[in-house]
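A.B. asks: First the structure, then my questions, so here it is.
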Amino acid sequence: MRLSQLEYFIKVAQCGSITKAAQELFLSQPSLTKAIASLETEYQIKLFDRTPKGIQLTPQGRTFLEYAQAAVNACQTLEDTFGNTKKQTIQRLSVASQQFDFLYDLLLQVQQGCGAEPFQIDLEETDRGSIIHRLEQRQADLGLLVLSQRDRKKLERELQYKALEVHTLDYSPVYVSMGRLSPLYDQPIITAAQAAEQLHIVLDTEKTLRRDLLLPANDVHVDPTRLIFCNTISACLHFLEKTDALLYTPKWVLGMLADHQIHSVILRENDGSYFADINRLVWVKRQDERLTPLEQILIQQLQQKFATAE
């Protein structure tokens with residue numbers, strides 16, 4: 001198999017016609033047909049079905065196309081990156097993170113520190129499951145997320161299984177946030193029993209944890225029959241302002257609620273003591289990989305911002 005064969009196959013799939021693909025590739029039709037037949041023989045699969053309207057991919061052909069495109073894209077990336085030794089090295093920083101307002105200024109400081117040197121900074125804000133997936137699949141190099149007391153052990157096992165290492169940055173109690181429509185809005189102290197009776201917004205929860213919330217025996221102090229699931233702060237804000245719902249949050253997202261009429265207090269136990277659940281802010285990377293210079297700068301900034309506690 002040669003790279004050119006994959007490129008020919010992709011072009012035929014895009015055109016839906018051997019004749020049209022041959023014209024665009026400036027090849028003879030027999031040469032292109034032979035290249036496709038060679039792939040089919042080498043991998044012992046049928047890539048195309050011939051129909052009166054042209055050709056179409058077989059089920060195996062559709063799967064093969066995904067891998068062919070990935071291989072061609074990877075080769076192009078290698079060529080773009082290393083094909084010209086005179087090119088300047090581009091420093092890269094790829095971060096997958098939950099939404100935290102403090103992160104933007106830290107990334108801005110990293111950017112400003114690059115000066116005239118070429119750089120690329122990639123920030124994707126997403127849920128925890130996607131962060132872990134992106135790190136595992138090398139679609140991001142650093143992850144920033146919150147582990148709650150309730151799901152910490154489960155997620156730590158998953159991270160360890162996927163060869164990802166976890167570093168703690170900070171701790172936070174559970175806060176309860178609400179808009180002006182909430183009957184608890186003016187209360188300086190809110191207990192778990194008071195909160196449990198209200199409508200709840202749940203932020204950034206994976207499907208397995210959603211199922212846990214719906215179990216009658218859940219111990220997270222919410223009514224499983226009155227839940228609104230959201231995966232962005234902006235969606236949570238809308239429902240906080242338009243309903244009487246409550247939102248449980250760690251302190252690291254309170255800054256994103258500050259410019260709105262949202263009241264936030266630390267959740268208390270029914271006896272008035274502080275709630276036992278503690279959230280942990282962590283950064284994650286793949287095991288046995290050294291941090292790049294930009295990654296080192298960002299981690300140092302995070303450690304300076306929070307009291308490191310590992």
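A.B. asks: Of everything in region 2-54, what is among the polar types (S, T, N, Q) and in contact with a strand residue (DSSP E or B) (Cβ under 7 Å, 6 or more places away or on another chain)? Give them in sequence order.
C.D. replies: Across region 2-54, the qualifying residue is only Ser17.
A.B. asks: What number of residues in region 278-290 are part of a strand (DSSP E or B) and either within 16 Å of Glu136 (Cα to Cα) or within 20 Å of the chain's Cα centre (by Cα) (or both)?
C.D. replies: Start the filter on region 278-290 by keeping residues that are part of a strand (DSSP E or B), which leaves 278-286.
After this cut, where a residue has to be either within 16 Å of Glu136 (Cα to Cα) or within 20 Å of the chain's Cα centre (by Cα) (or both) as well, the list is 279-286.
Going through region 278-290 one residue at a time, the tally reaches 8.
A.B. asks: Any idea which of Leu135, Leu147 is at pLDDT 90 or above and surrounded by 14 or more Cβ atoms within 10 Å (Cβ to Cβ)?
C.D. replies: Step by step, each of Leu135, Leu147 is checked, and only Leu135 is at pLDDT 90 or above and surrounded by 14 or more Cβ atoms within 10 Å (Cβ to Cβ).
A.B. asks: Further, regarding this structure: Would you pick out the residues in region 232-260 that are over 22 Å from Phe102 (Cβ atoms) and in contact (Cβ under 8 Å) with a residue 40 or more places away in the chain? Don't jump to the end; show me each part of the working.
C.D. replies: Start the filter on region 232-260 by keeping residues that are over 22 Å from Phe102 (Cβ atoms), which leaves 238-239, 241-246.
Once the filter is applied, which keeps residues that are over 22 Å from Phe102 (Cβ atoms) and in contact (Cβ under 8 Å) with a residue 40 or more places away in the chain, region 232-260 yields Glu241, Lys242, Thr243, Asp244, Ala245, Leu246.
A.B. asks: In addition: Is it true that Glu241 is over 22 Å from Ala140 (Cα atoms) and in contact with a Gly (Cβ under 8 Å, 6 or more places away or on another chain)?
C.D. replies: yes
A.B. asks: Then there is this: Tell me, which helices (runs of 4 or more DSSP H) lie completely within region 74-190 with 2 or more residues that are among the acidic types (Asp, Glu) and closer than 26 Å to Asn231 by Cα? Please lay out each step first, then the result.
C.D. replies: Numbers: elements: 102-113, 128-136, 152-161.
By residue number, 152-161.
A.B. asks: Quick check on region 173-195. Is at least one of its residues crowded, with 19+ Cβ neighbours inside 10 Å, more than 30 Å from Lys242 (Cβ to Cβ) and within 24 Å of the chain's Cα centre (by Cα)?
C.D. replies: No, region 173-195 contains no residue that is crowded, with 19+ Cβ neighbours inside 10 Å, more than 30 Å from Lys242 (Cβ to Cβ) and within 24 Å of the chain's Cα centre (by Cα).
A.B. asks: Tell me, please, whether a residue that is of a type in the set (Gly, Ala, Ser), without any contact (Cβ under 8 Å) to a residue 60 or more places away in the chain and surrounded by 12 or more Cβ atoms within 10 Å (Cβ to Cβ) can be found in region 89-96.
C.D. replies: Scanning region 89-96, I find at least one residue that is of a type in the set (Gly, Ala, Ser), without any contact (Cβ under 8 Å) to a residue 60 or more places away in the chain and surrounded by 12 or more Cβ atoms within 10 Å (Cβ to Cβ), so the answer is yes.
A.B. asks: If you take the residues of region 258-278 that are touching a Leu at 6+ places or on another chain (Cβ under 7 Å) and modelled with pLDDT of 90 or more, which of them is surrounded by the most Cβ atoms within 10 Å (Cβ to Cβ)?
C.D. replies: Ile262
A.B. asks: A follow-up question, please. In region 199-212, is there at least one residue being modelled with pLDDT of 90 or more and hydrophobic (A, V, I, L, M, F, W, C)?
C.D. replies: yes
A.B. asks: Sticking with this structure for a sec: In region 291-298, is there at least one residue being in the same structural domain as Arg128 (by TED's automatic domain parsing), in a loop (DSSP other than H, G, I, E, B) and surrounded by fewer than 16 Cβ atoms within 10 Å (Cβ to Cβ)?
C.D. replies: Yes, some residue in region 291-298 is in the same structural domain as Arg128 (by TED's automatic domain parsing), in a loop (DSSP other than H, G, I, E, B) and surrounded by fewer than 16 Cβ atoms within 10 Å (Cβ to Cβ).
The values are calculated or read from the model by the stated rules, or taken from the named source; none is laboratory data. Note that this is a predicted model, so its numbers are computed, not measured. FYI the Cβ positions are ideal-geometry reconstructions off the backbone, even for glycines, and counts take in every protein chain you see.
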